[in-house]
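S.K.: Next up is a structure, given as structure tokens.
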Amino acid sequence: MRALQLVDPGVLAVVDIPVPDIGPDEVLLKVGGAGLCHSDIHIRHLPVELFPLPLTLGHETAGTVVSVGSQVSGWTVGDNALVHLIWACGSCPACARGDDNVCESAGRMAQPPTPGLGPAGGMAEYMAVPARYLVSLGDLDPVTAAPLADAAMTPYHAVRNSTRALRPGSAAVVVGVGGLGHVAVQLIKTLTGARIIAVDVLADRLQAASAHGADIVLAADESTAAAILDATAGRGADAIFDFVGAQPTSDLAVETIAPDGIYQLVGIGGGAPRITAEPRLGQGWPYGASVRTSYGGTKADLIECVALARAGRLKIDVEPFPLTEGITAFDRLESGSINGRAVLVP
Ligand code: NAD
Ligand code: ZN
């Protein structure tokens with residue numbers, strides 16, 4: 001089968017490899033769509049071999065079951081399924097209470113095994129998946145549904161953990177309205193009564209954010225912080241969802257978070273919020289405000305995203321690419337010319 005692999009640090013290739021064998025507790029998925037995440041760009045450029053290479057990339061996968069291991073129940077050939085990207089242990093205290101995205105078996109840094117970042121991922125014609133990490137797609141199309149696995153689930157987890165701050169009359173800021181961010185706007189609209197302010201460096205992203213329900217759109221420049229404070233009568237944003245996570249966006253969050261606000265730092269662009277205990281010292285972090293990073297989402301989050309999509313309440317902008325053109329898709333995402341999510345179709 002064909003697969004898109006990271007063969008050496010910085011080097012991608014479309015290669016021919018054997019179709020994987022499945023174990024008794026696994027299913028073989030014929031991949032319908034594999035979403036391309038900005039994290040894949042970060043992985044492409046890791047200077048060191050953080051994962052054993054060659055590695056089939058892709059942590060955002062949907063497909064159709066084509067064979068079922070001898071111990072698997074509940075899945076039948078022909079079922080459409082989405083792969084939960086968190087391959088948690090399922091039995092530690094965190095998993096038992098439903099916080100599988102911070103599975104204790106993954107240690108203090110809490111990054112459970114994730115296909116495409118260790119185990120072989122979904123940018124291939126077929127993928128072997130332990131059956132317990134599958135979620136039913138019902139009648140959703142695997143090509144357009146693939147981004148639910150990350151571009152929807154990851155912001156869903158962040159928004160769900162911020163609803164206490166997002167009462168009617170409050171303000172939410174979404175920084176970076178790309179793959180994750182354009183879904184975050186819709187999730188905030190659906191799950192909360194907050195006013196939504198979207199921020200991006202690219203005008204076409206801001207147009208898309210408006211179309212998806214943002215109330216105010218702001219270009220990311222030196223005037224953004226003042227504009228957010230102006231739009232919130234000087235108090236700041238009750239929640240900020242940062243899907244860039246670079247130093248300028250961390251600085252923006254410190255300058256514009258409200259007292260008791262929640263800064264959800266999802267992007268991994270190397271930013272570090274400079275907070276101080278005394279609000280008037282340093283850059284000025286108001287009392288009660290918190291900063292929270294997050295890895296993906298729980299299996300329950302994923303199931304709830306599928307439910308929203310099946311109810312027609314999430315519209316993901318998808319640009320499909322043949323798997324053989326996958327490296328072009330990486331280059332396009334890196335240059336900022338994908339609007340929404342690129343999905344590789346084997
Ligand atoms: P993307 O490239 O699709 O979108 C990023 C958006 O941010 C683009 O629209 C871009 O124009 C905009 N942007 C770039 N710099 C900006 C700036 N300074 N100010 C405002 N906007 C800016 O990326 P994505 O796939 O949505 O991923 C977003 C980030 O989230 C990445 O860092 C990715 O690695 C990370 N991520 C984290 C998790 C997690 O579990 N924590 C999961 C998935 C993705
Ligand atoms: Zn991702």
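The values are calculated or read from the model by the stated rules, or taken from the named source; none is laboratory data. This structure is a prediction, so every number in the text was calculated from the model and none was measured. Note that each Cβ is placed from the backbone with ideal geometry, even for glycine, and that neighbours are counted across all protein chains shown. Ligands, DNA and RNA are stripped out before the accessible areas are found, and what is left, the full protein with its side chains, is counted by its heavy atoms. Shrake-Rupley method; radii C 1.70, N 1.55, O 1.52, S 1.80 Å.
S.K.: Just to confirm my numbers, what's the Cα centroid distance between the range 145-159 and the range 72-99 in Å?
M.R.: Distance between centres, Cα-based: 16 Å.
S.K.: Also: Taking the Cα centre of the range 11-170 as the origin and placing charges on Cβ (Lys, Arg +1; Asp, Glu -1), which of Leu85, Ala124, Gly33 is farthest toward the positive end of the dipole?
M.R.: Projecting each Cα onto the dipole axis, the largest value belongs to Leu85.
S.K.: Would you please name the chymotrypsin sites (Phe, Trp or Tyr not before Pro) within the range 243-346 that are DSSP coil residues with at most 16 other C-beta atoms within 10 Å of their C-beta?
M.R.: Values: sites: Phe243, Tyr263, Tyr287, Tyr295, Phe330; in loops: Phe243, Tyr287, Tyr295.
Of the chymotrypsin sites (Phe, Trp or Tyr not before Pro), the ones in loops of the range 243-346 whose Cβ has at most 16 other Cβ atoms within 10 Å are Tyr287.
S.K.: Among Ile216, Ile303, Ile240, which one shows the highest mean-square fluctuation when the chain is modelled as a Gaussian network with alpha-carbon springs under 10 Å?
M.R.: Of the options given, Ile216 has the highest mean-square fluctuation.
S.K.: Could you order the peptides 334-346, 15-27 from most to least packed, using the average number of other C-beta atoms within 10 Å per residue?
M.R.: Packing order, densest peptide first, comes out as 334-346, 15-27.
S.K.: Let me ask something else about it. How large is the direction-averaged shadow of the alpha-carbon convex hull of the chain, in nm²?
M.R.: Projected over every direction and averaged, the Cα hull of the chain covers 16.8 nm².
S.K.: Separate question: On average over all directions, what projected area in square nanometres does the range 183-277 have, based on the convex hull of its Cα atoms?
M.R.: The directionally averaged projection comes out at 6.0 nm².
S.K.: Here's a follow-up. With +1 on each Lys and Arg Cβ and -1 on each Asp and Glu Cβ, how big is the dipole of the range 196-346 about its Cα centre, in debye rounded to the nearest 20?
M.R.: 460
S.K.: Over what distance in Å are the Cα centres of the range 181-253 and the range 42-56 separated?
M.R.: Their Cα centres are 32 Å away from one another.
S.K.: Let me ask something additional. Less than 15 Å apart at the alpha-carbon level, and either on another chain or at least 8 residues along: which aspartates and glutamates does that give for Lys315?
M.R.: The qualifying aspartates and glutamates are Asp141, Asp150, Glu304.
S.K.: On a 1.4 Å probe surface of the protein chains, which of Glu104, Glu304 comes out largest in accessible area, and what is the full order?
M.R.: Values: Glu104 100, Glu304 75 Å².
Sorted descending by solvent-accessible area, the residues read Glu104, Glu304.
S.K.: With a 10 Å radius around each residue's Cβ, average the other Cβ atoms per peptide and rank 40-50, 80-90, 156-166, highest first.
M.R.: The densest-packed peptide leads the list: 80-90, 156-166, 40-50.
S.K.: A follow-up question, please. Taking the Cα-to-Cβ direction at Ser335 and at Arg280 and moving 7 Å from each Cα, how far apart do the two end points lie in nm?
M.R.: Roughly 5.2 nm, to one decimal.
S.K.: If you don't mind, another one. If I compute solvent accessible area with a 1.4 Å probe over the protein chains, what percent of it on the range 16-123 is carbon and sulfur? Mind dumping the intermediate values first?
M.R.: Working: 2610 of 4750 Å².
Carbon and sulfur: 55 percent of the exposed surface of the range 16-123.
S.K.: Measuring from a point 7 Å past the Cα of Leu53 along Cα-to-C-beta, which residues in the range 10-32 have an amide N at less than 17 Å?
M.R.: 10-16
S.K.: Additional query: Kindly give Rg over Rh for the range 59-113, based on alpha-carbon atoms, with the Kirkwood expression for the hydrodynamic radius.
M.R.: Answer for the range 59-113: 1.07.
S.K.: In addition: Given an 8 Å cut-off on Cα distances and at least 6 residues of separation, report the relative contact order of the chain as a percent.
M.R.: 18
S.K.: Just the accessible area per residue of the range 1-156, please: how many Å² with a 1.4 Å probe?
M.R.: Ligands and nucleic acids excluded, the result is 40 Å² per residue.
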